[in-house]
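Everything below concerns the one structure shown next.
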Amino acid sequence: MDKYQPKNIEQSWYQKWESGKYFAPQGNGPTFSIAIPPPNVTGTLHMGHAFQHSLVDSLIRYRRMKGDKTLWQMGTDHAGISTQLLVTERLAAQGIKPSDLGREKFLEKAWEWKEESGDTISRQLRRLGASLHWDTERFTLDEGMSEAVLEVFIQLFEEGLIYRGERLVNWDPVLTTSISDLEVISEEENGHLWHFKYPIVDSDEFLTVATTRPETMLGDSAVAVHPDDERYKALVGKFVHLPLTDRTLPIIADRYVDSEFGTGVVKITPAHDFNDYEMGRRHDLELINILNPDATLNNDVPEAYRGLDRFDARKRVIADMDALGLLHKIEDHKLAVPRGEKSGVVIEPYLSDQWFMAMKELAEPAIRVVEEGEIEFVPKAYENNYLVWMRDIQDWCISRQQWWGHRIPAWYDEAGNVYVGRSEEAVRAKHGLAADISLNRDDDVLDTWFSSALWTFATLGWPEKTRELEEFHSTDVMVTGHDIITFWVSRMIMMTLKFTGEIPFKKVYITGLVTDAEGQKMSKSKGNGLDPLDIVDGISLDALIEKRTSNMLQPKMAARIEKATRKEFPDGIDAYGTDALRFTFYSIATSSRTIRFDMKRVEGYRNFCNKLWNASNFVMMNTLPLAADAVSGDKTLSVVDHWIVSEFQKTAAAVERAMQTYRYDLAAKAIYEFVWDELCDWYLELTKPVLYNEAATAESVRATQFTLLSVLEATLRLAHPFLPFMTEEIWQQLPEEIRGGGETIMLQSFPEADDNLINENATADVAWLKAVVTASRNIRGEMDISFAKEIPILFKNGNDTDKARLERYESLLNFLIKPESLTWLEAGDDTPVSATHLVGEMQVLVPMSGLIDKGAEVDRLNKEIDRKEKERARAEGKINNPSFVDRAPADVVQKEKDKLVDLATALQQLIAQRERVESL
RNA sequence: GGGUGUUUAGCUCAGUUGGGAGAGCGGCGCCCUUACAAGGCGUAGGUCGCAGGUUCGACCCCUGCAACACCCACCA
C-alpha cells in the first residue's frame with residue numbers, strides 16, 4: 001500500500017456508497033431513525049454542524065451495521081428571516097430594492113438562491129461522509145411541508161389555539177417585522193438615566209421621572225407611584241403636564257412601581273414598553289403609538305419630532321427638555337438592551353396586529369413526557385432548562401412581516417372579517433361567500449420555526465398516513481445544540497404530540513458548543529471560525545486570511561483577525577482528511593458544555609489514522625497473497641493470538657457500552673488504545689518472531705496470519721462508524737475469504753463482544769511477557785545502554801510459573817529484547833552484581849560489569865526503594881488502624897495485607913541489591 | 001435577582017455503584033531496529049479550586065465559600 005494519503009482514498013467511496021443505495025433503509029431489523037436538524041439553506045456548514053452530523057453519522061452507521069432498518073432523514077430549512085436578509089443584501093449589491101421587484105419576483109430570486117446554496121451544504125455533508133438518505137430529501141418550504149403547515153394552522157385556528165390580535169410585540173425596525181421573544185438577545189450595555197421634571201398641574205411643583213428612553217415620553221399616558229409611597233400619596237389622582245406636548249397625564253398608583261428606584265416615579269408609555277402595557281391595561285390607559293414601522297416618529301407626536309429617527313428624536317427631546325429647564329440630571333446607567341438576533345439593531349416593543357399561538361395547553365403534555373421519562377435528555381441536566389422554560393411558556397407570536405416563508409392561510413373581506421382555510425376557494429365555499437365579495441389574503445408569513453416544529457413527522461409524509469410514518473416515527477434520537485432547545489426541541493415535542501399523539505424522539509442528545517482554542521465562540525464577525533472542509537482538504541495561510549477577512553464591515557477588525565490568524569496558523573492548515581477530523585470530534589465529545597477545538601488533537605488523530613493504515617499494510621504484507629489453505633487449513637492459535645482476540649472482545653464491549661450511553665469519547669478512546677497500545681505496540685511485534693522465523697511450522701504461521709487478518713478485519717468494522725473512509729478502503733483490500741462476500745463494509749455486521757473468546761490465561765501470560773520486556777527496556781533506558789548492544793539477562797527468585805513462562809516465551813523474549821542471553825538462576829546459583837527490576841517477586845537482572853554505571857543504578861534503586869517505602873507506609877497505616885480492619889470489607893483488608901507482604905519482600909530485595917551495588 | 005455547569009499534570013481533557021491519580025499534546029533523554037520519524041523506547045511533572053462535614057477510607061457523597069462560563073428574568 002502507498003503512504004496514508006486521505007485525499008487519495010476519501011474522494012471516491014462516497015459516490016460508490018450513494019450510487020449503491022447503501023444509505024437507504026433496508027432489511028427486516030428493528031427500525032432506527034433520526035431526522036437531521038435541517039441546516040439553513042443560506043449557509044455553509046460550520047464546525048458545530050460538522051461536529052453534530054459526525055456524531056449522528058457514527059450512530060447511524062453503527063445501527064445500520066447492527067442490522068437495524070435505518071433512516072437518516074435529510075432536509076434543509078428555508079430559514080425565513082436569514083434568507084430574506086441575504087437575498088435582500090445580494091439584490092442591494094446590484095442596486096435593487098425588494099420593493100422594486102415585488103413579492104412574486106423577489107420570491108423567484110430567493111428560490112434561485114436556495115438552489116445554489118443548497119448544493120454547498122449537500123456537498124459538504126457528503127465530504128464528511130454523512131450517510132444520509134438523500135432520496136427522500138425534504139425542504140421546509142416544499143409542497144409536502146406546505147400541506148402539513150396548512151393542516152396544522154387550520155386545525156389550531158379552529159380550536160382557538162391560533163388567534164389574531166393587536167398586541168405589543170418585539171419589533172425589528174430594520175427588518176420591519178415582528179420577532180419572537182427568543183429572537184431577542186438582551187445584553188447589558190452602558191447607557192444613561194435621564195431625569196425629567198414634569199410640572200404638576202395647578203401647582204408650582206414638579207414630579208421627576210427617570211427614563212432610559214427619553215423619546216418615548218411623547219407617548220406617555222400616565223405617571224405612576226407606589227400606593228404606599230408617603231412622598232407622593234397625596235398626588236395620586238392629580239395630573240401632570242407632559243412637557244413638549246399639550247397633554248396632561250394622570251398620576252396613578254400601582255404596586256409595580258419600586259419606590260427605591262430612581263425617584264420612585266415612573267412615566268408610563270403603554271404602547272412602547274411591556275411593563276407599561278400591562279399597567280396600561282390595569283388602569284385603562286390610552287395606548288399612544290408614536291412610531292412608524294421603521295422606528296421613525298409618526299404623526300401622533302408634535303410636529304417638530306415627526307419623521308425623526310428614534311435616536312435623533314431622543315437627542316432632540318433631551319435638548320428641548322434641557323432648554324425648558326426640565327432636565328433635572330443625567331446619570332450613567334447600565335441597562336439590558338434588547339437587540340434583534342439577526343439584524344443586531346435595538347428592538348422596539350411595538351403595537352401591531354399579529355398572529356399568536358396559545359402555548360399553555362400545548363405545553364402540558366410536552367412537560368409530562370419529559371417529567372415521566374418518555375423523552376430523555378442527555379446530559380440529564382438540560383431537562384431542567386427545558387422544564388423551567390416550558391412551565392412559564394408565553395404565547396408565541398408566529399406571524400412575520402416577510403415574504404419568504406409559509407404564507408398565512410387567512411383571507412379578509414372588506415369589513416375586516418377573517419377567514420382561515422386551505423385556499424380562497426375553500427374559504428368561499430365554507431363560508432358561503434359570494435363571488436362579488438372581494439377577499440384579500442394575509443400578507444404575512446409564519447415564523448420559520450413553525451414548519452420546523454413539524455419536522456420529524458411531516459418529513460415522513462404526514463398528514464398522509466404513509467408507511468414511512470408508521471415505520472420510522474417516533475424517531476429515536478435528536479442530536480442538537482443547547483441553544484436550540486427552546487426554539488426547536490420544545491416546539492417539536494408540543495406539535496408532534498398534538499398532531500400525531502406520539503413523541504417526536506425518544507432521546508435528546510445535547511452536544512457541547514464547539515469553540516476555538518481560546519474558548520471563544522466561533523463566529524464570522526470574530527473571524528475565528530473554521531470551515532470543516534479546510535481541515536479536511538487543507539488551506540494556505542493566505543487563503544485562510546482572505547476567507548476570514550472578506551466582507552468585513554470594519555477594516556480595523558480585519559487587521560486584527562489577520563494578525564491572530566497568522567499567529568495561530570503560521571503555515572496554514574494541513575490536509576488532515578475527513579477520518580481524522582471525525583475521529584477528533586468523537587474524542588472531544590465529552591459531556592462538557594463547551595468544547596475547545598484544538599488543531600493539535602486533529603494532528604494526533606491523523607497520526608492515529610496513519611498508524612492504523614500502516615498496521616494494515618503490515619498485516620497485508622505478511623499475509624497476502626493468501627495461501628490456498630489459509631482459512632481452511634489446521635491452525636492452533638498461540639497464546640499471543642488468544643490474547644489479542646481477548647483484547648478485541650473487551651474493546652468491542654467497551655465500544656458497545658459507550659454507544660449505548662452516547663459517550664463517543666469513550667468509544668473513540670477504546671478503539672484508539674486497542675489499535676495503538678495493544679495491536680500495534682505488542683501484537684504486531686509478537687507476530688514477527690513467528691512470521692520471520694524460517695523454522696516456524698506452517699500451522700503456526702497460518703494461525704498467526706489468520707489471527708492478524710481476522711482481528712484486523714473485525715477492527716475495521718468496529719472502527720467504521722468513526723473512520724468510514726479508510727476502513728472501507730482497507731477492508732476492500734482484504735481477501736474475500738476473510739471479509740466475506742459483501743460489497744461494502746458499511747453493510748457488514750458490527751462486531752459483538754463474545755465473552756467465550758476471552759482467555760484470561762493468555763491475558764495473564766502476555767501481561768507477564770510485557771512486564772519482563774518492559775523491565776529490561778527500563779534497565780536499558782535508564783542505564784543508557786544502546787539498543788544495538790546485546791546484554792545478558794538473568795532471572796532470579798522466580799516461582800514455577802515464572803520458570804515455565806520463561807521457557808515457553810524464550811523465543812519471543814529473544815526477539816523483543818535482543819539479549820545476549822536469557823538465563824534462569826536457581827536459588828543457590830552465584831549472582832553477579834546487577835541492575836534489577838522486579839516482575840512480581842522475580843528479579844530481572846542485567847549484570848553490571850562493563851555495562852552499567854554504578855552511581856546511576858544506586859540512584860535508580862533509591863528512587864524505587866523510596867516509592868515502595870511510601871506505599872508500605874500507607875498500607876501499614878491502614879492495617880494498623882483497628883477500625884479499618886474491623887469495618888472495611890474483608891477483601892479490601894486482605895488486599896492491603898497481601899500488598900504489605902509483597903512490598904516487604906520487594907524492599908528486602910531492593911535494599912540487598914543496593915548494598916551489593918554500593919559495595920562494588 | 002433566580003438557575004445550571006465547570007474547577008484534576010505546563011496545555012486540552014478523561015476518571016462509570018467511595019478502596020493504590022490517567023490520556024493526548026508539550027518537555028527532557030536515547031534511537032533513522034526491515035508496517036509506521038505522521039515512528040520506537042524510556043523519563044520528569046499533580047496538597048484533584050478553598051474550608052468544613054459524613055466515612056475505617058473522599059477526585060468521587062453532603063454543606064459553605066471563591067473563580068470562571070452559560071441560561072432565564074419586566075426594574076423605569
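The values are calculated or read from the model by the stated rules, or taken from the named source; none is laboratory data. Quick caveat, the model's predicted, so the values are computed rather than measured. We place every Cβ from the backbone using ideal geometry, glycine too, and count neighbours over all the protein chains shown.
Here are some notes:
- In region A:211-229, the residues that are in a loop (DSSP other than H, G, I, E, B), closer than 17 Å to A:His283 by Cα and touching a Phe, Trp or Tyr at 6+ places or on another chain (Cβ under 9 Å): A:Asp220, A:His226
- Criterion violated by A:Met145 - all others in (1) hydrophobic (A, V, I, L, M, F, W, C); (2) farther than 22 Å from A:Arg467 by Cα; (3) surrounded by 20 or more Cβ atoms within 10 Å (Cβ to Cβ) satisfied: (2)
- Region A:167-210 - residue that is assigned to a strand (DSSP E or B) and polar (S, T, N, Q) and, of those, farthest from the chain's Cα centre (by Cα): A:Thr208
- Any hit, region A:90-107, residues being touching a strand residue (DSSP E or B) at 6+ places or on another chain (Cβ under 7 Å) and of a type in the set (S, T, N, Q): no
- Pairs, first in contact (Cβ under 8 Å) with a residue 60 or more places away in the chain in region A:244-263, second near RNA strand B (Cβ under 6 Å from one of its atoms), C-beta under 6 Å, six or more apart: A:Gly262/A:Ala210; A:Thr263/A:Ala210
- Test: A:Lys600 is basic (Lys, Arg) and more than 8 Å from RNA strand B (Cβ to nearest atom): no
- Residue match in region A:148-162 (condition: at positive phi and loosely packed, with under 15 Cβ neighbours inside 10 Å): yes
- Scoring A:Ala575 on the criteria (1) more than 16 Å from RNA strand B (Cβ to nearest atom); (2) hydrophobic (A, V, I, L, M, F, W, C); (3) touching a residue at least 60 places away in the same chain (Cβ under 8 Å) leaves a single failure, condition (1).
- Condition met for A:Val225 (farther than 17 Å from A:Val317 by Cα, near RNA strand B (Cβ under 8 Å from one of its atoms), modelled with pLDDT of 90 or more and not basic (Lys, Arg)): no
- When region A:77-87 is filtered for residues that are of a type in the set (S, T, N, Q) and either surrounded by fewer than 24 Cβ atoms within 10 Å (Cβ to Cβ) or modelled with pLDDT of 95 or more (or both), only A:Ser82 remains.
- Residue match in region A:237-249 (condition: part of a loop (DSSP other than H, G, I, E, B), under 28 Å from A:Lys315 (Cβ atoms) and under 51 Å from the mean Cα position of the chain (by Cα)): no
- Qualifying residues in region A:279-291 (those that are among the charged types (D, E, K, R) and touching a residue at least 12 places away in the same chain (Cβ under 8 Å)) - the one nearest to RNA strand B (Cβ to nearest atom): A:Arg282
- Region A:756-781 residues that are farther than 30 Å from A:Met848 by Cα, paired with ones that are buried (at least 16 other Cβ atoms within 10 Å of the Cβ) and of a type in the set (Phe, Trp, Tyr) (beta carbon under 9 Å, 6 or more apart): A:Leu757/A:Phe648; A:Asn759/A:Trp643; A:Ala762/A:Trp643; A:Thr763/A:Trp643
- Scanning region A:518-531 turns up no residue that is buried (at least 19 other Cβ atoms within 10 Å of the Cβ), of a type outside the set (Ser, Thr, Tyr), under 18 Å from the mean Cα position of the chain (by Cα) and more than 18 Å from A:Glu568 (Cα to Cα).
- Residue match in region A:126-136 (condition: under 24 Å from A:Leu460 (Cα atoms), among the β-branched types (Val, Ile, Thr) and not in a helix (DSSP H, G or I)): yes
- Matching residues in region A:547-606 - criterion: being modelled with pLDDT of 90 or more, part of a helix (DSSP H, G or I) and among the hydroxyl-bearing types (Ser, Thr, Tyr): A:Thr578, A:Thr584, A:Tyr586, A:Ser587, A:Tyr605
- Residue pairs meeting the criteria (Cβ under 6 Å; at least 6 apart or on separate chains; first under 15 Å from A:Arg491 (Cβ atoms), in region A:382-393; second within 7 Å of RNA strand B (Cβ to nearest atom)): A:Trp389/A:Thr486
- Any strands (runs of 3 or more DSSP E) falling wholly within region A:409-508 and containing at least 2 residues that are of a type in the set (S, T, N, Q) and in contact (Cβ under 8 Å) with a residue 40 or more places away in the chain: A:475-481
- Filter result (under 47 Å from the mean Cα position of the chain (by Cα) and either surrounded by 15 or more Cβ atoms within 10 Å (Cβ to Cβ) or within 9 Å of RNA strand B (Cβ to nearest atom) (or both)) within region A:878-897: A:Lys878, A:Phe884, A:Arg887, A:Ala888, A:Pro889, A:Asp891, A:Val892, A:Val893, A:Lys895, A:Glu896
- Among helices (runs of 4 or more DSSP H) entirely within region A:1-68, having at least 1 residues that are of a type in the set (A, V, I, L, M, F, W, C) and under 21 Å from the mean Cα position of the chain (by Cα) singles out A:47-65.
- Top-ranked residue of region A:641-693 - restricted to ones that are more than 10 Å from RNA strand B (Cβ to nearest atom) and not in a helix (DSSP H, G or I), ranked as nearest to A:Tyr809 (Cα to Cα): A:Asn693
- Some residue of region A:79-96 being under 26 Å from A:Gly340 (Cβ atoms), within 24 Å of the chain's Cα centre (by Cα) and in a loop (DSSP other than H, G, I, E, B): yes
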